[in-house]
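Take a look at the structure below.
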Amino acid sequence: MIPAAFDYYRPTKVEDVIALLEEHGDDARVMAGGHSLIPMMKLRMADIPHLIDLQDVSGLGGISIEGGRIKLGAMVTQHELINHDGLAAAAPILRETALQIADPQVRYMGTIGGNVANGDPGNDMPGLMQCLDAQIELIGPGGTRSVAARDYYEAAYMTDRADDEVLISVSFAVPTGGYAYEKQKRKIGDYATAAAAVQINKNGGQIASASIAMTNLSDVPVWSESAGAALVGTGCDANAVKAAAAAMLGDIDPSEDNRGPVAFKRHVAGIILSRAINRAWERA
Amino acid sequence: MTDKMHVKLKVNGENREFLAEPRELLIYALREHLNITGPHVGCDTSHCGACTVTLNGKSVKSCTMFVAQANGAEITTIEGLGNPAALHVLQENFREHHGLQCGFCTPGMITRAAKLLEENPNPTEAEVRFGIAGNICRCTGYQNIVKSILAAADEMNAAKEAAQ
């Protein structure tokens with residue numbers, strides 16, 4: 001499969017990326033690892049006359065853990081997330097999630113920034129970023145701004161990012177307590193039929209706080225405040241888990257596709273969330 | 001039609017230069033410009049891994065990278081691992097343990113396995129299976145592929161110990 005022709009740019013400074021985006025508007029797109037964009041271009045579902053490769057842009061990499069916050073540069077790959085011991089100690093849910101994305105070759109190329117920015121409902125990092133209440137940092141002609149991951153997604157492939165902005169990092173407080181990222185997929189490398197990100201804090205045998213987000217069960221990731229609230233104050237007994245799953249089912253809106261009909265997806269979502277809650281509780 | 005660009009690659013230790021359109025995929029550049037036909041076009045949709053090469057220390061699917069992105073990179077293909085006169089340990093073990101049937105996926109399997117063993121010289125069977133999850137054998141001969149990789153790991157580790 002051969003994509004449409006394009007002009008290729010490999011700038012080294014983020015200002016030059018912004019200048020190219022301003023010059024070419026809708027006809028330009030930035031590319032990180034390219035593992036979502038290139039297949040779309042090969043299928044000619046995306047026609048990008050001006051392709052801006054971010055691989056040489058300075059300042060977009062790096063993992064920092066400082067002052068109780070974790071910051072991940074947009075170009076950090078899933079492979080780097082998995083192999084960073086400091087990150088695995090501070091926020092093990094990142095490694096657990098990244099290991100369930102695609103396959104080894106894709107993880108060497110695929111980046112956190114691309115996964116978060118693209119707005120594909122099947123991507124796993126957006127839900128996780130909502131679970132962790134991450135801030136997304138964007139840079140544009142007017143400078144940088146920060147958006148909460150919970151406010152970033154508008155519809156499938158539609159986000160708060162303007163056409164002349166670039167996602168440069170994500171950051172979040174070092175998570176505490178138990179965690180789980182549970183994902184049901186048809187085969188290794190597939191997108192989720194349903195997936196759940198859960199962080200739970202425990203105090204005196206009870207759940208003190210819980211954050212729950214779901215992947216690929218709506219046209220955007222779903223942070224279910226009511227599901228988390230259903231767990232708070234309980235000892236994570238079977239009734240509490242059932243109540244949380246019921247609350248979550250009120251927030252998702254899956255559609256039928258080749259991963260199954262709506263009723264099946266809702267069934268799987270309930271099971272996956274229950275497993276994730278129980279695992280996070282055990283680890284809390 | 002865009003202009004062709006001047007592409008420089010270091011492939012299997014040799015500097016190569018040629019003209020190509022930026023949109024050409026690395027797999028076609030290797031096969032058609034450089035006549036390096038070890039990496040295969042299996043699915044052309046990023047799924048099967050038959051096109052796997054090592055690029056700047058990463059296992060990548062060369063059907064999912066534009067030649068423009070690869071410009072300046074160091075690449076190792078199956079041709080750079082061994083040759084008929086001097087097989088790579090992995091190639092020896094794939095032969096010994098019948099790690100191939102039709103052989104179409106084999107260059108990608110071995111190139112990927114070489115990187116896997118470099119990063120994890122003592123993998124468990126589960127780690128080997130997880131590590132080659134991006135490579136599909138349409139003959140479904142995984143049992144012997146995994147056996148071959150584990151045997152190669154043992155042989156490489158024994159050689160390392162003997163050398164010390």
Residue that is nearest to residue A:40 (Cα to Cα) [pool: residues in the stretch B:1-34 that are in contact (Cβ under 8 Å) with a residue 24 or more places away in the chain and basic (Lys, Arg)]: B:23
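Across the stretch B:13-34, which residue is farthest from the other protein chains (Cβ to nearest Cβ) among those that are in a helix (DSSP H, G or I) and open to solvent by less than 40 Å² (accessible area, probe 1.4 Å)?
Applying the first criterion (in a helix (DSSP H, G or I)) to the stretch B:13-34 yields B:26-33.
In the following step, the residues that additionally are open to solvent by less than 40 Å² (accessible area, probe 1.4 Å) were identified as B:26-27, B:29-30.
Working: B:26: 11, B:27: 11, B:29: 12, B:30: 16 Å.
Only one residue fits best here, namely B:30.
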Pairing a residue in the stretch B:35-52 that is more than 7 Å from every other protein chain (Cβ to nearest Cβ) with any residue that is open to solvent by 40 Å² or more (accessible area, probe 1.4 Å) and among the aromatic types (Phe, Trp, Tyr), where Cβ atoms lie under 7 Å and the two sit 6 or more apart in sequence or on different chains, gives B:40/B:104; B:42/B:104; B:50/B:104
Name the residue that is farthest from the other protein chains (Cβ to nearest Cβ), counting only residues in the stretch A:105-129 that are assigned to a helix (DSSP H, G or I) and open to solvent by 10 Å² or more (accessible area, probe 1.4 Å). A:117
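Any idea which residue in the stretch A:13-37 is surrounded by the fewest Cβ atoms within 10 Å (Cβ to Cβ), counting only those that are within 17 Å of residue A:165 (Cβ to Cβ) and of a type in the set (Gly, Ala, Ser)? Break it down into steps so the answer makes sense when it comes.
So in the stretch A:13-37, the residues within 17 Å of residue A:165 (Cβ to Cβ) come out as A:13-32, A:37.
Going one step further and asking which of them are of a type in the set (Gly, Ala, Ser), we end up with A:19, A:25, A:28, A:32.
Working: A:19: 14, A:25: 10, A:28: 21, A:32: 27.
Taking the candidates together, the pick is A:25.
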Qualifying residues in the stretch B:129-153 (those that are within 14 Å of another protein chain (Cβ to nearest Cβ) and among the hydroxyl-bearing types (Ser, Thr, Tyr)) - the one surrounded by the most Cβ atoms within 10 Å (Cβ to Cβ): B:142
It is to be established whether one or more residues within the stretch A:135-154 are closer than 28 Å to residue A:46 by Cα, open to solvent by 20 Å² or more (accessible area, probe 1.4 Å), part of a loop (DSSP other than H, G, I, E, B) and touching a Pro at 6+ places or on another chain (Cβ under 9 Å). no
Would you tally the residues in the stretch A:161-213 being out of contact with any Gly (no Cβ under 8 Å at 6 or more places or on another chain), assigned to a loop (DSSP other than H, G, I, E, B), of a type in the set (Gly, Ala, Ser) and more than 26 Å from residue A:67 (Cβ to Cβ)? 1
Go through the stretch A:60-96 and count every residue that is surrounded by 14 or more Cβ atoms within 10 Å (Cβ to Cβ) and assigned to a loop (DSSP other than H, G, I, E, B). 7
Selection from the stretch B:55-99 of residues that are assigned to a helix (DSSP H, G or I) and within 14 Å of another protein chain (Cβ to nearest Cβ): B:62, B:63, B:64, B:67, B:68, B:69, B:70
Just a yes or no: is a residue in the stretch A:38-56 closer than 22 Å to residue B:56 by Cα, of a type outside the set (A, V, I, L, M, F, W, C), buried (at least 18 other Cβ atoms within 10 Å of the Cβ) and more than 14 Å from chain B (Cβ to nearest Cβ)? no
Looking at the structure I just gave you, is residue A:10 facing chain B (nearest Cβ under 8 Å) and open to solvent by 20 Å² or more (accessible area, probe 1.4 Å)? yes
Quick one: how many residues across the stretch A:235-284 are on the phi > 0 side of the Ramachandran plot and buried (at least 18 other Cβ atoms within 10 Å of the Cβ)? 1
Considering only the stretch B:49-72, I want to know if a residue exists there that is surrounded by 21 or more Cβ atoms within 10 Å (Cβ to Cβ), at positive phi and under 14 Å from the mean Cα position of the chain (by Cα). yes
For residue A:5, indicate whether it is of a type in the set (A, V, I, L, M), touching a Lys or Arg at 6+ places or on another chain (Cβ under 7 Å) and surrounded by fewer than 19 Cβ atoms within 10 Å (Cβ to Cβ). yes
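The values are calculated or read from the model by the stated rules, or taken from the named source; none is laboratory data. Everything quoted here is computed from the prediction, not taken from an experiment. Heads up, the Cβs are rebuilt from the backbone with ideal geometry, glycines too, and the neighbour counts pull from every protein chain shown. Side chains included, ligands, DNA and RNA excluded: accessible areas come from the protein's heavy atoms. Shrake-Rupley method; radii C 1.70, N 1.55, O 1.52, S 1.80 Å.
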